[in-house]
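J.: Submitted below is the structure of interest, expressed as structure tokens.
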Amino acid sequence: MIESISIQGVASFQNPTPVSLNINKKVVLFYGHNGTGKSTVARYLQDTTHNNYSNCSYVLPNAQDYQILVYNTDFVEKNFSQDSFEGVFTLGETNVTAEQAISAAEEEISKLEEQRTQKQTLKKQHEDKEVVQVKAIKDKCFETKKEHDKKDLDHCLTKFKASASAFYDELLRTDLIEVPEYTFESLATESKELNSKSAVPKSMIPNVLLNLASSESNTILAEVIVGSSESYLAELVKKLQNFTWVDKGRIYLDDAEGKCPFCQQAIDEDLIENINNLFDESYKRKKDELKALKSAYEQSIETLNEVLSATHYTDLNDTKFDLAKEKLSSVLQANHTKLGQKLADPSIKVILEPTSNLVQALNDIINDKNASRIAFNAKLSKKKDSLAAIKKKFWSLVRIKYDAAIKAHDTLIESIKTDIEKVKGEEEALTIAIQAQNDVIVENRKLITNIETSVININNQIKSIGLEGFEIKQKPEESNHYYLCRGVSSSGHKVYKSLSEGEKTLITYLYFLELCQGSVNSNFSTPKNKKIIVVDDPISSLSHNYIYEIGALTHKRLIRGYQYAQVILLTHSLYYLHEMMKYLPSNPQDFGRKCNLFRVLKNTNSNILPMEKGEIKNDYQSYWQIIKDAQNGITNNIVLPNIMRNILEYYFSFVHKTDALKAALDELEETDSEFSPFFRFINRESHSDSVNITDLGEIDSDRFINKFKDVFIKTQFEEHYDKMMST
């Protein structure tokens, strides 16, 4: 059966979004007034491939197995515009062997179709699994978009933000490369710098100029500096290793007043002279050299500290540079301390740690920074190309990030596709087997089908519904065609054109019902359980008596036993709708299981809404429903005057208050000149002067409904108005 229909871009279905319906029940009923769009649905199902319906669609599994038969004005015109119409081949004379073969084939088809349905269900499960897996991998990869959206790498996502599918497709187009030296973080930093509003070419950082190699390797540092050996004290001082102590103490001799500054014993001039003789000019010169060396070293350190305090160094914010600077400073300070120690005690040996390698380490970092700045300046000069290069690197990183997930996904999808292809093959084999059984049915039907049986059936139905004087006959010169006769001697020439609309409807509908049972093709007949029957308003020109007959025939020949795949009925008549509802399950659960009910509405465009069984009203209630629809904006306001007039005529005639109605209308017309045309129109009764409606201009539903309510208030029937508008 048809599971769903989507209507768009044809007739009054012109909304930007399609009208989509789930109609997957055995019996589907559409109710709506004339002009709302019911016939468009029927015509679409009659010819789904027509260009008019290019934006429409329907879901019918194994559609090739089904036949859709539509009864509407187009069917009548096509089949009865000439004096003869095609015969319907139905089962006729008994042939036990052929009937048994057909029965066996139909039973086998039923089994095969059940198996095929199982395969189709399994295939659908595999396909759904594939869809889920594809969505999962796309969503997983799309998480990267969320990580970088509206951040420094946002420009890499341009054109790929709105769709996970587009994002994934771009990812698959990206070549997989070896692990690169760049990262998301480095690319983000580069992008941020390039995209900064204040981005300007960067200046170079000067190298640190510090060369202390000669000072640090000076031989005097390893020299043991002692006093002269000419003093008789030299051997003793040397033996005691206290040259430095004596040198420091001799400055006190001048103030010692002839006493030793250490032991306070009397000391003569000869001893003082020999003490001073220990420290000759050579000693003094070397000590001055040490002082100069230490002073120069201190000056170099101070100069370096001033240099490194410049902004182009302090703004680097580089941990490696800071550590290298700290290490150099530490070594310089240690060397300075050693120089102080040597100056304090020239007799000791000191070794200074070389700093040239530490200075070079600083300059190496600076050179790297300068190289980066040169590269940045070059990129900034070609910003567009630079950002494009970053984007390419970004996608390569994303591709690497999800490579394992993509490979696992591809393996899984390959397995699922293998399962799908296997089930497809099994499904196709079952379809071939079903077609073989259909061929058996076709061959055996040829043995027992004829058009005589359908002639008898149609003529019997014509008589049963009281159409006297008509019958269907086979055309002598065209044995597979009928013609319609009026009277025994009639040749059938132009008889159809002379029929009333009601007679045409009855006869053509009887023919259609017979066609549903058989086929106009003697070589092929679709089984009933593969036929979808669509009936569009078969009672438009019939009296209530015939509506009853059509309803009964529809139930008996189309619905009872649910022998057809699906029956879709469309009508504007509440009487006919109520008649059909009598034959359908009364229990709401049973009704909901087998039947679908829809209401067709039209304001500017048509719309179709689900409808509950309890919502079906009588004609009077239906008029009130239209008032409420207009109030809610789901039907066109232009129908309001006519509907309101019908309600007022019906109700006030029923309660025998037509005089009160006329008096109320006259009074309201006198007190509200703006609505005079409206009151004049609804006060004219029935349809005596429908031209008057053109005086009404644009109809404001709220204002007209308020005036309509005033009529009931004036006549003291406001309670009835409130009840009908609330139900």
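Every number in this text was worked out from the coordinates using simple rules, so none of it is lab data. Just so it is clear, the model here is predicted, and its values are computed rather than measured. Cβ placement follows ideal geometry from the backbone for every residue including glycine, while neighbour counts extend to all protein chains displayed.
J.: Round to a whole angstrom and tell me the spacing of the C-alpha centers of region 52-130 and region 196-223.
T.: Cα centroid of region 52-130 versus Cα centroid of region 196-223: 93 Å apart.
J.: Note down the net charge around Leu221, summing +1 for each Lys or Arg and -1 for each Asp or Glu among other residues with Cβ under 14 Å from its Cβ. If you can, show how the numbers build up before the last one.
T.: On the way: positive: Lys286, Lys287, Lys291, Lys294, Lys338, Lys342, Lys349; negative: Glu216, Glu223, Glu289, Asp345, Glu353.
Result for the local shell: +2.
J.: Moving on to the next point. In nm, to one decimal, how far is the modelled label at Lys613 from the one at Asp364, with both set 7 Å along Cα→Cβ?
T.: Rounded to a tenth, the inter-label distance reads 9.0 nm.
J.: In degrees, nearest 10, range 0 to 90: what is the angle between the Cα axis of helix 319-344 and the longest Cα principal axis of the chain?
T.: 10
J.: State the extension gain, in nm to one decimal, for the chain segment bounded by Gln115 and Ala310, taking 0.36 nm per residue of separation less the distance between their alpha-carbons.
T.: Numbers: separation 195, 0.36 × 195 = 70.20 nm, distance 8.56 nm.
Roughly 61.6 nm would be gained on extension.
J.: Which FRET efficiency value, to the nearest 0.05, is calculated for Ile465 and Asn521 with the Förster distance at 35 angstrom and r the Cβ-Cβ distance? Each step should come with its number before you reach the end.
T.: On the way: r = 28 Å, r/R0 = 0.80.
So the FRET efficiency works out to roughly 0.80.
J.: Turning to a different aspect of this structure: If you take the C-alpha gyration tensor of region 65-201, multiply each eigenvalue by 5 and take the square root, what semi-axes do you get, largest first, in whole Å?
T.: On the way: eigenvalues 905, 121, 20 Å².
For region 65-201, the semi-axes come out at 67, 25, 10 Å.
J.: Of the beta bridges DSSP finds with both residues in the chain, what % are antiparallel, to the nearest 5? Show your work: numbers first, answer last.
T.: On the way: 26 of 46 bridges.
The antiparallel proportion sits near 55 percent.
J.: So, one more: Going by how many other beta carbons lie within 10 Å of each one, how would you line up Ser198, Ser295, fewest first?
T.: On the way: Ser198 5, Ser295 12.
Ranked by crowding around the Cβ, least crowded first: Ser198, Ser295.
J.: By how many degrees, 0 to 90 and rounded to 10, does the Cα axis of helix 356-381 deviate from the longest principal axis of the chain?
T.: With rounding to tens, the tilt is 30 degrees.
J.: Can you give the calculated 222 nm mean residue ellipticity of the chain, where each DSSP H run of n ≥ 4 adds -39,500 (n - 2.57) and the sum is split over every residue, rounded to the nearest 500 deg cm²/dmol?
T.: On the way: 26 runs with 395 residues, N = 727.
Taking each H run of at least 4 residues, the total per residue is -18000 deg cm²/dmol.
J.: Let me ask something else about it. Rounded to the nearest 0.05, what FRET efficiency do His555 and Lys140 have when you use their Cβ-Cβ distance and R0 = 60 Å? Let's see the in-between values first.
T.: On the way: r = 55 Å, r/R0 = 0.92.
E between His555 and Lys140, to the nearest 0.05, is 0.60.
J.: Among Thr418, Thr319, which comes first, then next, by fewest other beta-carbon atoms within 10 Å?
T.: Details: Thr418 11, Thr319 8.
Going from sparsest to densest Cβ surroundings: Thr319, Thr418.
J.: Stretch Gln563-Ile348 to full length: gain in nm at 0.36 nm per residue minus the Cα-Cα span? Spell out each step's value before the answer.
T.: Values: separation 215, 0.36 × 215 = 77.40 nm, distance 12.07 nm.
Here the answer is 65.3 nm.
J.: Report, in degrees rounded to the nearest 10, the 0 to 90 angle that the Cα long axis of helix 501-517 makes with the longest principal axis of the chain.
T.: That works out to roughly 60 degrees.
J.: Now for a separate question. Rounded to whole Å, give me the distance from the Cα center of region 282-307 to that of region 363-418.
T.: When both Cα centres are located, 53 Å separates them.
J.: Using the beta-carbon distance between Glu302 and Asp175 and R0 = 56 Å, what value does 1/(1 + (r/R0)^6) give for FRET efficiency, to the nearest 0.05?
T.: 0.50
J.: In addition: Just want the answer: with Cβ charges of +1 for Lys and Arg and -1 for Asp and Glu, which residue in Gln133, Thr183, Ala42 is farthest toward the dipole's positive end in the chain?
T.: The Cα lying farthest towards the positive end belongs to Ala42.
J.: Ok, one more. Below 8 Å, C-alpha to C-alpha, sequence gap of six or more: please give me the relative contact order for region 359-510 in percent. Spell out each step's value before the answer.
T.: Values: 57 pairs, mean separation 14.8, N = 152.
Here the relative contact order equals 10 percent.
J.: Then there is this: Computed over the Cα atoms of region 551-642, what is the convex hull's projected area averaged over all directions, in nm²? The partial results should precede the final answer.
T.: Values: hull surface 27.0 nm².
For the Cα atoms of region 551-642, the hull's average projected area reads 6.7 nm².
J.: Working out 0.36 nm times the residue gap between Ser381 and Val131, then minus their Cα-Cα distance, what length gain in nm do you get to one decimal? Write out the running numbers ahead of the final one.
T.: Details: separation 250, 0.36 × 250 = 90.00 nm, distance 4.64 nm.
Here the answer is 85.4 nm.
J.: Which three semi-axes in whole Å describe the equivalent ellipsoid of the chain, each the square root of 5 times a Cα gyration tensor eigenvalue, listed largest first? Could you put the intermediate results ahead of the total?
T.: Details: eigenvalues 2464, 301, 78 Å².
Computed over the chain, the values are 111, 39, 20 Å.
J.: Which links in Lys123/Lys602; Lys401/Lys424; Lys26/Lys135; Lys78/Lys463 stretch past 32 Å when you go from one Cα to the other?
T.: Values: Lys123/Lys602 40 Å; Lys401/Lys424 36 Å; Lys26/Lys135 34 Å; Lys78/Lys463 25 Å.
Result: Lys123/Lys602; Lys401/Lys424; Lys26/Lys135 exceed 32 Å.
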